[in-house]
Structures are given as structure tokens and as C-alpha cells.
Amino acid sequence: MPAHDHSPLNSWEARAEEYSLYGFTDLPSVRDRGTVVLTHGEGPYVFDTNGKRYLDANSGLWNMVAGFDHKGLAEAAKAQYDRFPGYHAFFGRMSDQTVALSERLIEVSPFDSGKVFYTNSGSEANDTMVKMLWFMTQAEGRPQGRKILTRKNAYHGVTAVSASMTGKPYNSLFGLPMEGFIHLTCPHYWREGRADETEAEFSARLGAELEEVIAREGADTIAGFFAEPVMGAGGVIPPSAGYFQIVQQILRKHNIPLIADEVICGFGRTGNIWGCDTYQFVPDAIISSKVLTAGYFPMGAVILGPELSARLQATIDPVEEFPHGFTASGHPVGCAVALKAIDVVLNEGLADMVKIGAPRMEAGLREIAKHPNIGELRGIGYMWALEAVQDRATKTPFASDLSVSERIANTCTDHGLICRPLGQSVVLCPPFNLTNEQMDEMCDKLNSALNAVFRQVA
């Protein structure tokens with residue numbers, strides 16, 4: 001048998017492809033174009049090993065809202081590493097930074113009181129919230145109360161539980177969802193609404209569907225309803241008008257908790273601190289991650305409102321513990337970074353920059369959306385999507401084998417712009433501190449890429 005060749009490969013790209021696995025990556029694009037290996041960032045820009053600069057209109061993965069070289073966030077991490085570099089939140093011990101962050105999160109939440117539990121990601125936070133609900137229903141004498149309601153096209157994570165919540169067809173490749181995860185209609189009026197249906201009538205129909213599902217399944221079998229205020233990885237889909245008011249009223253009538261997955265929307269992305277503020281509803285719990293640390297540390301949080309906090313405490317007391325947690329839950333460095341990130345977003349002007357810049361972003365994208373092969377522009381704040389169509393009048397998509405959104409994203413990369421393909425859409429969710437000039441650069445490069453691709457496929 002010949003010896004394995006361990007000789008060094010001759011490029012960063014070749015080394016990446018030899019030894020690394022890619023998540024959520026179009027592999028034909030990698031085979032054709034190679035891997036982009038990045039070395040550093042400056043403001044909203046990232047640089048590859050060849051020195052090429054890209055404006056990252058995806059904020060990393062929705063999270064790098066302060067850009068890639070914010071000194072205050074880096075210094076907060078360095079100072080905490082020097083002071084107390086790591087600990088857990090088990091056995092009645094936790095760092096002072098963990099205590100301070102929990103106080104701060106309840107303070108800025110929509111809740112008058114509550115409790116916080118930490119994870120390492122949004123996926124783990126959603127998974128943890130489901131376990132909390134199951135823990136409570138089991139203890140309350142409702143072992144059948146395990147069903148979880150979400151929506152088609154929703155994204156809640158990649159653990160086995162959070163992937164079961166995610167209403168995406170690719171999860172069938174893993175034999176998911178698990179039993180008891182029910183996906184309702186996606187609240188996307190442009191795509192899901194009927195020809196003779198107003199937006200208000202569409203929202204009412206989705207409310208009727210929810211009532212029917214609760215009646216069919218039995219309210220006592222449903223542990224909770226999870227919803228992103230704006231669907232992020234589903235393609236930036238804001239809810240139809242009045243949707244959350246209808247849904248919340250139905251859930252309250254049946255005593256079913258409403259959990260807002262604010263992993264993407266939370267801390268400013270929609271123009272308010274929380275997406276639930278933007279759409280004027282108060283959930284029973286909030287799932288936070290991404291902007292929680294502005295991407296400078298992996299962290300997630302389950303933020304429980306007063307009712308769920310009381311229910312969980314009543315469940316914990318007889319068994320004297322909540323038997324769940326992670327080694328890095330409430331990590332002191334992550335908590336220190338999160339405290340600084342919240343301060344940067346809320347007190348140093350980042351959230352205000354979204355409010356100020358959003359009309360300019362929308363106006364620039366509306367000009368681009370006049371192209372006959374753009375069927376819909378949708379979004380709010382600093383999260384938008386342009387959906388490509390073969391025919392605007394009939395909303396007919398391009399043939400899937402044309403890979404139109406991948407072509408657009410790849411052409412944007414050639415032009416020095418990073419954006420994200422999702423289905424037949426291209427998504428833009430830039431850092432909050434974009435200047436006017438950088439906003440215009442983003443729109444100009446996107447427009448050039450769209451025109452180049454549509455000339456090829458339309």
C-alpha cells in the first residue's frame with residue numbers, strides 16, 4: 001500500500017479543500033471557483049489571502065454588526081481574558097460578568113422580570129427552550145404536551161431539535177423533522193397569498209389554520225409556538241400585516257407560549273431593539289444570539305419572561321435542579337463582550353445608524369428592484385431580499401438548474417461584494433456602521449452583478 005502523501009499543499013485554497021468540510025455551501029461553485037480564504041477585516045470589509053477586498057453585505061453571518069475591527073469589543077475581550085479567562089455556570093457558581101449580563105438582558109427585554117440561561121449558539125438556545133418546555137409539561141402532568149409549532153421556511157438552527165423546528169426541505173436528508181414538530185404556512189403574502197385575497201384576509205386565513213391545527217392536535221399536546229419576527233434564513237420574509245396580533249390572541253386563548261426567535265432580529269436589525277417591538281407583540285420568551293456579542297464571541301441566550309420563569313422555577317424546585325447546561329454557558333469573556341456589544345449598539349449609536357440608514361438602503365434597492373427579473377423586494381431595517389423571477393407578472397421562478405441566486409452571489413464576489421443566495425433570492429444584511437458611500441458601493445456592485453447575470457439567463 002503506498003504511503004499517504006503528507007507533502008504541503010501549495011495554496012490556502014487547496015489546503016482548505018483538502019482538510020475542511022463546508023457547511024451550507026454550493027459545492028459546484030467551490031469546485032469551479034475555489035475557496036475564498038480570509039485573513040482580516042477593516043470596518044465592513046474583509047480581505048482574502050490574495051489581498052482582495054470585499055464589502056461584506058452579509059455582516060459575516062448576520063452578526064458582525066460593528067464591523068470587523070471594533071477596538072472596544074476586542075479590548076473588552078482582552079481585558080476579561082487577563083482578568084478571568086473562563087468559567088462555567090454550574091453548581092451554584094458563575095462569573096460576575098454573567099450576573100451583570102443577565103441583569104442587563106432583562107433590563108433591555110420587553111419583560112418586567114425574568115431569568116436568563118446561556119448557550120453557545122442560537123441553535124442551542126432554541127434546543128434548550130424546547131427542553132425547558134418539555135421539562136415543564138412533563139412535571140405538570142402533561143407528558144403528551146411535547147408538540148412544537150413553527151412555520152414552513154422558518155430557520156431555528158441545526159441541532160436535531162432545532163433542525164426539526166426548521167421548516168426547510170433539506171432536513172429530510174437527515175430523516176428530520178422528529179415526530180411532533182408541526183410546520184404551519186409561511187406568512188409570505190407575495191408567494192403564499194391567493195389571487196383574490198387581501199393581505200389582511202391572508203393573515204386571517206393563517207390564524208384560522210392555527211386554530212384548526214390546535215383543534216386537531218389538542219391544545220394540551222402543544223408545548224409552544226416558535227417564530228422569527230422576520231424570517232431570516234428563509235429569505236428575509238416579514239410577516240403579513242396583523243399576523244402576530246392574530247397569532248398571539250389565539251395562542252393566549254389556548255395557553256400556548258409564544259417564543260420569539262430573535263437570533264437575527266434582536267438588538268437592532270429591524271430598526272428597534274427587538275423584532276417583537278417592530279411588529280408590536282410581547283412574547284413569553286426570547287431567543288438571542290448573533291448580535292448579542294456582535295459576532296465577537298459565540299454565545300446564545302434564552303430570555304424567559306415572568307410567567308415562564310415562574311413555571312420553570314416551580315418545575316425545578318421539587319427535583320432541586322435544572323439538569324441541563326454547557327461547559328461554556330455564561331462564559332465570562334463572552335458575557336463581557338456581550339455587555340460591551342449591547343452598549344455599543346444601544347448607547348454608541350449603532351442602532352441609531354440603522355434607523356437613519358434604512359431609508360437610504362431601501363431607496364437604493366427599490367431602484368434595483370425595477371429590473372423586470374426582480375419579482376419582489378422585501379425587508380425592513382437592515383435586512384432585505386431581492387427575489388429573482390423568470391416572469392414578474394406570473395411570479396414564475398427561474399429553472400432551478402440555472403442556479404440564478406448562486407450566479408448572482410458569485411458575480412457579486414467577483415465585483416468585491418459579499419451577499420447571500422437563499423433559494424431564488426439574494427439577501428443583504430450589512431453591518432450597522434455602513435457609511436453612505438459604502439451603502440452606495442453595495443447597491444452599485446449588486447446592480448452590476450444582477451445585470452450581468454440576467455443578461456445570461458433571462
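The values are calculated or read from the model by the stated rules, or taken from the named source; none is laboratory data. This structure is a prediction, so every number in the text was calculated from the model and none was measured. Cβ atoms come from the backbone with ideal geometry, glycine included; neighbour counts cover every protein chain shown.
Things worth noting here:
- Matching entry among Leu339, Leu292, Leu308 (being at pLDDT 95 or above and closer than 19 Å to Ala223 by Cβ): Leu308
- Residue check, Asp444 at pLDDT 95 or above and of a type outside the set (S, T, N, Q): yes
- The residues on offer are Ser109, Ser102, Ser123, and the sole one that is closer than 30 Å to Val426 by Cβ and surrounded by 21 or more Cβ atoms within 10 Å (Cβ to Cβ) is Ser123.
- Qualifying position, being within 17 Å of Tyr296 (Cβ to Cβ), more than 19 Å from the chain's Cα centre (by Cα) and in the same structural domain as Cys429 (by TED's automatic domain parsing), among Gly86, Gly60, Gly43: Gly43
- Phe326 vs. criteria under 22 Å from the mean Cα position of the chain (by Cα), assigned by TED's automatic domain parsing to the domain that holds Asp96 and among the aromatic types (Phe, Trp, Tyr): yes
- Answer from Val302, Val282, Val354 - the residue that is at pLDDT 95 or above, within 23 Å of the chain's Cα centre (by Cα) and over 19 Å from Lys115 (Cα atoms): Val354
- Among the conditions (1) more than 19 Å from the chain's Cα centre (by Cα); (2) outside the structural domain of Ala294 (by TED's automatic domain parsing), the only one that Ala100 does not satisfy is (2).
- Test: residue in segment 388-404 that is at pLDDT 95 or above and under 21 Å from the mean Cα position of the chain (by Cα): no
- Meets criteria (within 24 Å of Arg269 (Cα to Cα), of a type outside the set (A, V, I, L, M, F, W, C) and either buried (at least 24 other Cβ atoms within 10 Å of the Cβ) or not assigned by TED's automatic domain parsing to the domain that holds Trp190 (or both)) for Arg392: no
- Checking each residue in segment 76-104 for being of a type in the set (A, V, I, L, M, F, W, C) and touching a helix residue (DSSP H, G or I) at 6+ places or on another chain (Cβ under 8 Å) picks out Ala76, Ala77, Ala79, Phe84, Ala89, Ala100, Leu101.
- The combined condition, being in contact with a Leu (Cβ under 6 Å, 6 or more places away or on another chain), touching a residue at least 24 places away in the same chain (Cβ under 8 Å) and of a type in the set (A, V, I, L, M), is not fulfilled by Leu105.
- Residues located in segment 254-264, provided they are without any contact (Cβ under 8 Å) to a residue 60 or more places away in the chain and assigned to a loop (DSSP other than H, G, I, E, B): His254, Asn255, Glu262
- Any hit, segment 109-127, residues being more than 15 Å from Ile287 (Cα to Cα) and free of Cβ contacts under 8 Å to residues at least 24 places away in the same chain: no
- Just one of the listed residues (Thr128, Thr137) is buried (at least 19 other Cβ atoms within 10 Å of the Cβ), farther than 30 Å from Gly375 by Cα and in contact with a Pro (Cβ under 9 Å, 6 or more places away or on another chain), and it is Thr137.
- Output for segment 406-458, where each listed residue is under 22 Å from the mean Cα position of the chain (by Cα), of a type in the set (Gly, Ala, Ser) and part of a loop (DSSP other than H, G, I, E, B): Gly423
- Test for Lys370: is it surrounded by fewer than 22 Cβ atoms within 10 Å (Cβ to Cβ), in the same structural domain as Asp48 (by TED's automatic domain parsing), of a type in the set (Lys, Arg) and within 22 Å of the chain's Cα centre (by Cα): no
- Number of positions in segment 63-80 that are within 20 Å of Gly349 (Cα to Cα), out of contact with any strand residue (DSSP E or B) (no Cβ under 8 Å at 6 or more places or on another chain) and not polar (S, T, N, Q): 9
- Single match in Phe281, Phe297 (criterion: more than 17 Å from Leu101 (Cβ to Cβ) and not small (Gly, Ala, Ser)): Phe281
- Selection within segment 203-241 - surrounded by fewer than 17 Cβ atoms within 10 Å (Cβ to Cβ) and either modelled with pLDDT under 95 or under 22 Å from the mean Cα position of the chain (by Cα) (or both): Ala241
Yes or no, residue by residue, for (1) in contact (Cβ under 8 Å) with a residue 40 or more places away in the chain; (2) outside the structural domain of Ala219 (by TED's automatic domain parsing); (3) closer than 19 Å to Asp220 by Cα:
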site: Met129; (1), (2), (3): yes, no, yes
site: Met132; (1), (2), (3): yes, no, yes
site: Met136; (1), (2), (3): yes, no, yes
site: Glu140; (1), (2), (3): yes, no, yes
site: Gly145; (1), (2), (3): yes, no, yes
site: Thr150; (1), (2), (3): yes, no, yes
site: Tyr155; (1), (2), (3): yes, no, no
site: Val161; (1), (2), (3): no, no, no
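- Looking only at segment 128-152, and only at residues there that are of a type outside the set (Lys, Arg), assigned to a strand (DSSP E or B) and touching a His at 6+ places or on another chain (Cβ under 9 Å), the one that is farthest from Ile273 (Cα to Cα): Leu149
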